[in-house]
Amino acid sequence: MNNQKVILVTGVSKGLGLAICKNLLLSDWKVYGVSRSITAEIEKLKSSYKTSFVYIQYDLLEINDLKQDLFVKYFKNVSFDGFVNNAALAYDDIVTNLDLSALSKMYTVNVFAPFLLTKLVLRNFILNKKSGAVVHISSVSVHTGYKGLSMYASTKGALEAFSKNVAREWGPKNIRSNCIVAGFMETNMSSSLSLSQKTRIYNRTALKLPTSKDSVANSVKFLLSDSSSSITGQNIFVDSGTI
Amino acid sequence: MKKIENIINRIRINKGDNEISEFQKNMSLRDDIGFDSLDLAELTVLIEDEYNIDIFESGIVSTLEEIHERLLIDGGNN
Ligand SMILES: NC(=O)c1ccc[n+]([C@@H]2O[C@H](COP(=O)([O-])OP(=O)(O)OC[C@H]3O[C@@H](n4cnc5c(N)ncnc54)[C@H](OP(=O)(O)O)[C@@H]3O)[C@@H](O)[C@H]2O)c1
């Protein structure tokens, strides 16, 4: 297991994060997974992968304790090869209804916590002389407007800009940063959409289909792996071909 | 403070520079020791690993002496 990698993934309790987690564990990689809730799926993974899956229950809104409660407490002797910034929440509304406290909560989870985690992970790479990889999960909503998603999309746009610049800044140390621009997937996050809304969204893609979580998860793994060693600062669209 | 000097030399050697044999406390990390911002980041991380203190947390540190001060002020004792 020479090329077994050690990856930090946020938002592993369900949806895409869970799919990513399973995908990496199936390849014999080691995963440190973070989320607020311990779902039945998490319990299953914990018992199937006793050594390669380490689960930590944590609310990313507790942004001031990230260093102490995750990196000092749990990751002191861990040497990461990669970080997947997947956890996010979608506060969707038309902009005239903007509620500042909901907006700042979303920015804390979707933007500030990932920036801080990137800082801490990069420092972990540097300490251990690793040429690590960071992958952010972005969204097509950054590139194609959708009613009600302006505020959510802006958090993902922030990640894309951040990723490109981190890639430039840390490229000399062989540290890479990329985004997966995901299309609409069937998860909890999109569950409030009606069937007709979903159909309309899927019809705006070349494949006329929802984006497959497994396809996104495989792409994440590719960007973490050595197979993508020359890819950095990119946005890779995995979105059924948005048109 | 031999430890700090060793860390500095390790970083220099890694990037293909010579070891510094005589350190002076007023040496500038950038101008005399030749560190750029990425080297300084590496220095911070290695010092934090050793002393549990992030020397850049409370502002820029630019000389060797300031590192020493930061570590003492923040409770480090070599
Ligand atoms: N679904 C889509 O159509 C779509 C499209 C494009 C991009 N994306 C992106 O894909 C990623 C995954 O989304 P998803 O669709 O899988 O959504 P999801 O089913 O709602 O899952 C979100 C994950 O993030 C975690 N999370 C949320 N807030 C958290 C917090 N404060 N602290 C820790 N963990 C937190 C959740 O865990 P807990 O609730 O247990 O904390 C959950 O595991 C997100 O970045 C999302 O923006 C989704």
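Structure notes:
- Tally of residues being in contact with a Phe, Trp or Tyr (Cβ under 9 Å, 6 or more places away or on another chain), in a loop (DSSP other than H, G, I, E, B) and more than 12 Å from the ligand (Cβ to nearest atom) across segment A:175-203: 1
- One residue from A:Thr118, A:Thr144, A:Thr155, A:Thr96 being of a type in the set (Ser, Thr, Tyr) and at pLDDT below 95: A:Thr144
- Elements of type helices (runs of 4 or more DSSP H) in chain B, at least 3 residues being away from chain A (no Cβ under 14 Å) and of a type outside the set (A, V, I, L, M, F, W, C): B:2-14, B:64-73
- Candidate set from segment A:204-243 (those that are charged (D, E, K, R) and part of a loop (DSSP other than H, G, I, E, B)); member that is nearest to the ligand (Cβ to nearest atom): A:Asp239
- The criterion of being closer than 20 Å to A:Val109 by Cα, at pLDDT 95 or above and not in a loop (DSSP other than H, G, I, E, B) does not hold for A:Val31.
- Which listed residue is within 14 Å of chain B (Cβ to nearest Cβ) and among the β-branched types (Val, Ile, Thr), from A:Val142, A:Val121, A:Val109, A:Val84: A:Val121
- When segment A:82-101 is filtered for residues that are within 20 Å of A:Leu16 (Cβ to Cβ) and either of a type outside the set (Phe, Trp, Tyr) or touching a Pro at 6+ places or on another chain (Cβ under 6 Å) (or both), the ones remaining, listed by number, are A:Gly82, A:Val84, A:Asn85, A:Asn86, A:Ala87, A:Ala88, A:Leu89, A:Ala90, A:Asp92.
- Scan of segment A:1-30 for residues that are hydroxyl-bearing (Ser, Thr, Tyr) and either surrounded by 21 or more Cβ atoms within 10 Å (Cβ to Cβ) or within 16 Å of the ligand (Cβ to nearest atom) (or both), ordered by number: A:Thr10, A:Ser13
The values are calculated or read from the model by the stated rules, or taken from the named source; none is laboratory data. For clarity, every value in this text was computed on a predicted model and none was experimentally measured. Methodologically, a virtual Cβ is constructed for each residue, glycine included, from the backbone with ideal geometry; neighbour enumeration extends over all protein chains shown.
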